[in-house]
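The values are calculated or read from the model by the stated rules, or taken from the named source; none is laboratory data. Keep in mind that this is a model prediction, so the values were computed, not measured. Cβ coordinates were reconstructed from backbone atoms using ideal geometry, including for glycine residues, and neighbour counts include every protein chain displayed. In case anyone asks, the SASA skips ligands and DNA or RNA and just uses the protein heavy atoms, side chains included. Shrake-Rupley method; radii C 1.70, N 1.55, O 1.52, S 1.80 Å.
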Amino acid sequence: MSLTKLTSCLCLTTALLFSLSGFSVAAKPLQYEDVFELEFVSDPQPNASGDKIVFVRNWMDKQADRRRMTLWLSSADGKQLEPLTDKDINASSPRWAPDNKRLAYIANGQIHIKWLDSGRTSQLGQLTQSPANVSWSPDGNWLAFSMFTPKPAKSPVTLPGKPENADWAKAAVYIDSKQYRVDGAGYTKSGFRHIYIMPSSGGSAIQLTEGDFNHSGTISWANDSKAVYFSANRHPEWQSKPLNSELFKLTLNDRKLTQLTDRNGPDNRPLLSPDGKQIAYVGFDDRKLAHQANRLYVMNIDGSNIRNLTEDLDRSIDDFQWLANSKALYISYDNEGKGILAEQALSGKRSIITADLGGGSYGRPYSGGQFTAANNGLVAYTQMSSQQPAELAVIIKGKKRTLTELNADLLFARDIGKVEEFWYNSTADQRKLQGWIIFPPEFDPKQQYPLILEIHGGPHTAYGPHFAMELQLMAAKGYVVLYTNPRGSTSYGEDFANLIHHNYPSQDYNDLMDGVDAVIAKGFIDEKELFVTGGSGGGALTAWIVGHTDRFAAAVSVKPVINWISFVLNADMYSYFSQYWFPAMPWENPEHYLKYSPISYVGNVKTPTMLMTGEADHRTPISETEQFYQALQLLDVDTAMVRIPEASHSIYSRPSNLMAKTAYILYWFEKYRQDNSGTDNKVSTDKAAQ
C-alpha cells in the first residue's frame with residue numbers, strides 16, 4: 001500500500017474491499033514482486049495517557065530497493081490514523097517526552113524533536129555518529145543515548161619516500177583487536193560505544209562514560225533526573241568473556257560510576273520502577289551452554305535484595321515494562337512458537353494477556369514482537385498472524401483491538417496459503433514436536449503435491465504461526481511447505497534447546513525426517529517430489545541431511561556452515577562460538593568438530609544441491625559455501641552456487657534479494673520435478689510466480 005495514498009482513503013480501505021467482494025474477482029497467488037507491497041508495524045509507543053500511539057510503519061521502496069521507515073500516529077480506538085514524518089525521511093525509535101507534547105526520534109543519523117501541538121520539527125545538535133537507545137529524563141530537560149565514539153589508532157609503520165602527489169597503493173591496515181569485524185557492518189573502526197546526554201532544547205552532546213569499553217542497550221533515568229542506569233562489560237577480559245556484563249549507576253554531577261551487580265553472566269537492560277525504589281533487569285548465571293534463557297530479576301536501587309521472578313517459567317524473557325503501580329511488570333516471551341504477553345506480579349503470580357505477539361521477521365516465520373504500555377493500562381503491541389505481517393493492536397481492560405490494516409489491499413488481491421499446526425513424535429526418543437504446514441492456493445487433499453521442508457536457523461531460535469513471505473511464495477508455486485521446531489529450538493524450555501549442546505547436528509535430523517514422514521502420512525504428498533532447504537543453521541542441517549539420506553529430489557543450502565573448524569576460525573563471533581558451542585578449541589579436539597561437520601559426509605551426497613550465501617556474510621562466510629560446492633564438483637554431483645553481491649547474513653534486508661533467494665530456490669526445485677519439461681523458470685513470467 002503506497003504511502004502517498006490519502007489518510008482518509010486508507011481509513012476506507014476495509015469498507016471498500018468488502019463492497020468489492022460481491023464481484024467475482026478471483027484472488028491470484030502471490031507474485032515475486034509482491035515483496036515490495038509488504039508493510040508492517042514496529043516499535044509501538046503509546047503516550048502516558050494511552051489515547052495516542054505512535055509507531056513505525058515499515059514499507060518497501062521499489063526504486064531504492066530498501067526497507068523504509070515512517071512514523072505514524074493512531075488514536076487508541078483506531079479511528080484516526082495520520083503520518084508524522086514524510087516518506088522520504090527514514091525515521092525510527094519514537095519516544096514520547098514526559099509532557100506528552102513532544103516526540104523524540106532518530107532520522108538520518110540524527111536526533112529530532114517534533115512538537116505535536118504545532119507540528120514543527122527540529123534536529124537537535126549535529127552528532128558525528130548515529131545515536132541509539134534514546135531516553136528522556138523524567139524532567140523532560142535531557143535526552144540520553146548511546147553513540148559510537150571513534151578512537152583513532154595510529155599505524156605502527158610509516159613508509160618513507162612517498163613523492164608529493166604520488167599515487168601509491170592504499171595503506172596497509174593493522175589490526176590487533178579481538179572483535180574486528182561484524183556481520184552487516186564489515187570491518188569495524190577503532191573506537192567504543194559510550195553514553196551521552198544532550199539538552200532537549202538543543203545543544204552539544206556530553207559524553208558521560210569513559211574507557212575502552214562498550215556501553216549499550218537500555219538507558220534508564222533516576223526519578224530525580226540526576227543519574228542514569230545502564231549495562232556494560234567493563235571487565236579487563238571483556239573481549240574474551242563477551243557475555244559478562246554488569247549494571248551500573250552514573251550520577252551526572254560528579255560522573256561517579258557505581259557497579260550494582262557482580263556475577264559471572266550477563267545483566268542487561270535496567271529499568272527503574274515508577275516509584276523509583278526498584279530496578280528490573282534480565283540476565284542469567286553463565287553455565288557455558290549454547291542456549292541460556294534470560295530470567296527477569298528485580299532488586300533494590302542499591303543492588304541489594306535480588307529476586308528471580310521467572311525461574312519457574314523456563315522461557316527466555318524478551319522484553320519487560322513496569323506497570324504504573326510498581327507492583328508488577330508486563331513481560332513477553334515465546335512459548336511453543338507463539339509470542340506471549342503476560343503480567344508478572346512481584347509476588348510471583350503470572351497471567352497471560354495475549355498469545356498473538358509477533359513481528360519484525362516477514363521473510364521466514366520467526367517469533368518476535370514488540371509492546372509498550374501506557375499509564376492507564378493500555379498495551380500497544382505488534383500483532384502477528386500466519387496470514388499477514390505485523391499490525392498495530394491494543395489491549396485495554398482485557399479487550400483486544402486491531403488498529404491497522406496496512407496489507408488489506410495485498411490480501412484482497414492475493415490468495416495467501418493457509419497454515420495448519422500439527423504435532424508429531426520423534427522416533428529418536430518419542431518427544432512431542434511441533435510443526436506447521438502451508439498449503440498452496442486451491443489445495444485439494446485428494447491430489448498429490450510436491451513437499452518443501454524449510455528449516456530454521458539459529459539453531460536456538462523458533463518458528464511459529466507467523467507470516468513468512470518466502471515460504472508463502474513457495475506455496476504459491478504449488479508446493480506444500482513444512483516447517484518445524486526440532487530439538488534445539490527455543491520456546492520449549494532450556495532442556496529441549498540444549499539437547500543439541502555439543503551435539504549439533506544430531507537427533508534434530510531425526511526430528512526433521514519424522515516431520516516429513518508425518519506429513520506424507522496425511523496422503524497428499526508425492527514421495528518422489530520431496531525437497532529441502534534452510535538458512536544459516538537450517539543451511540547446515542540441509543547439508544547434513546543430503547550427507548545422510550537420498551530421499552530428497554533436490555536441496556538448497558542457504559548460508560550454511562560446512563566445516564565447524566573453519567567456521568569458528570572465520571566467523572565474526574568466534575570468541576562466543578568457540579566457548580559456548582564446543583567443548584574445546586579446534587586444535588584441542590578436531591575430532592569433535594569434524595564429527596559434526598557436513599563436509600565429513602560429503603562423499604555420501606547424491607542429491608542435487610545448490611549453495612547460496614551473501615558475499616559480505618561474516619557470520620557464515622561464503623568460504624563455507626565454496627568448500628561444499630567445490631567438494632560436490634569434485635564428486636560430479638549436480639550442484640550450483642549462488643552468490644549474492646554485497647549481502648550480509650541478512651540476505652532479505654534488500655527486498656530484491658528476498659525475491660532472488662526464493663526464485664533461485666524454486667528454480668532449482670523445478671529443475672528436478674518429476675514432470676519437468678525443461679521450460680525456463682524466469683522470475684519475470686507469470687508462470688514462475690503461480
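Can you tell me which residue within region 255-268, out of those that are part of a strand (DSSP E or B) and among the polar types (S, T, N, Q), is nearest to F320 (Cα to Cα)? Before you say what the answer is, go through the steps one by one.
Initially, region 255-268 is screened for residues part of a strand (DSSP E or B), giving 257-259, 267-268.
Now restrict to residues that are among the polar types (S, T, N, Q): 258-259, 268.
Working: T258: 24, Q259: 22, N268: 12 Å.
Filtering first and then ranking leaves N268.
Yes or no: A571 among the aliphatic types (A, V, I, L, M), modelled with pLDDT of 95 or more, open to solvent by less than 10 Å² (accessible area, probe 1.4 Å) and over 25 Å from V605 (Cα atoms)?
Working: among the aliphatic types (A, V, I, L, M): yes; modelled with pLDDT of 95 or more: yes; open to solvent by less than 10 Å² (accessible area, probe 1.4 Å): yes; over 25 Å from V605 (Cα atoms): yes.
Taking the combined requirement at face value, the residue satisfies it.
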Pairs only if they're at least six apart or on different chains, beta carbon under 8 angstrom, first in region 154-172 and open to solvent by 100 Å² or more (accessible area, probe 1.4 Å), second among the charged types (D, E, K, R) and part of a loop (DSSP other than H, G, I, E, B); list them, first residue then second. W168/K162
Out of everything in region 462-484 that is over 16 Å from the mean Cα position of the chain (by Cα) and over 19 Å from K522 (Cβ atoms), what residue ends up being most open to solvent (accessible area, probe 1.4 Å)? K477
Mind checking whether some residue in region 492-507 is under 20 Å from E336 (Cβ atoms), of a type in the set (S, T, Y) and surrounded by fewer than 24 Cβ atoms within 10 Å (Cβ to Cβ)? yes
Quick test for you: out of S177, S225, pick the one residue that is open to solvent by 30 Å² or more (accessible area, probe 1.4 Å), part of a loop (DSSP other than H, G, I, E, B) and of a type in the set (G, A, S). S177
Among the residues in region 94-113, are any over 23 Å from T382 (Cβ atoms), aromatic (F, W, Y), assigned to a strand (DSSP E or B) and touching a Pro at 6+ places or on another chain (Cβ under 9 Å)? no
Looking at (1) in a strand (DSSP E or B); (2) more than 30 Å from I651 (Cα to Cα); (3) open to solvent by less than 20 Å² (accessible area, probe 1.4 Å), which one does I353 not meet, given that it meets all the others? (3)
So, first residue free of Cβ contacts under 8 Å to residues at least 24 places away in the same chain in region 407-430, second residue outside any loop (DSSP other than H, G, I, E, B) and open to solvent by less than 20 Å² (accessible area, probe 1.4 Å), Cβ within less than 8 Å, six or more apart or across chains; the pairs are E420/W436; E420/I437; W423/L433; W423/Q434; W423/G435
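For A543, are the conditions met, namely being under 23 Å from M612 (Cβ atoms) and either part of a helix (DSSP H, G or I) or under 23 Å from the mean Cα position of the chain (by Cα) (or both)?
Values: under 23 Å from M612 (Cβ atoms): yes; either part of a helix (DSSP H, G or I) or under 23 Å from the mean Cα position of the chain (by Cα) (or both): yes.
Criteria met by A543.
If we only count strands (runs of 3 or more DSSP E) wholly inside region 376-461, which ones have 3 or more residues that are open to solvent by 10 Å² or more (accessible area, probe 1.4 Å) and closer than 27 Å to S316 by Cα? Quick ask: steps written out before the conclusion?
Numbers: elements: 379-383, 391-396, 399-402, 419-425, 432-438, 449-455.
The strands (runs of 3 or more DSSP E) meeting that bar are 399-402, 419-425.
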For region 131-147, how many residues meet the condition of being in a strand (DSSP E or B), open to solvent by 10 Å² or more (accessible area, probe 1.4 Å) and polar (S, T, N, Q)? 2
Subset of region 634-652 [within 19 Å of E454 (Cβ to Cβ) and open to solvent by 60 Å² or more (accessible area, probe 1.4 Å)]: Y652
Check N676, N681 and return the single one that is under 24 Å from F36 (Cα atoms), modelled with pLDDT under 95 and part of a loop (DSSP other than H, G, I, E, B). N681
Collect the residues in region 235-245 that are crowded, with 18+ Cβ neighbours inside 10 Å and more than 24 Å from the chain's Cα centre (by Cα), keeping them in residue-number order. W238
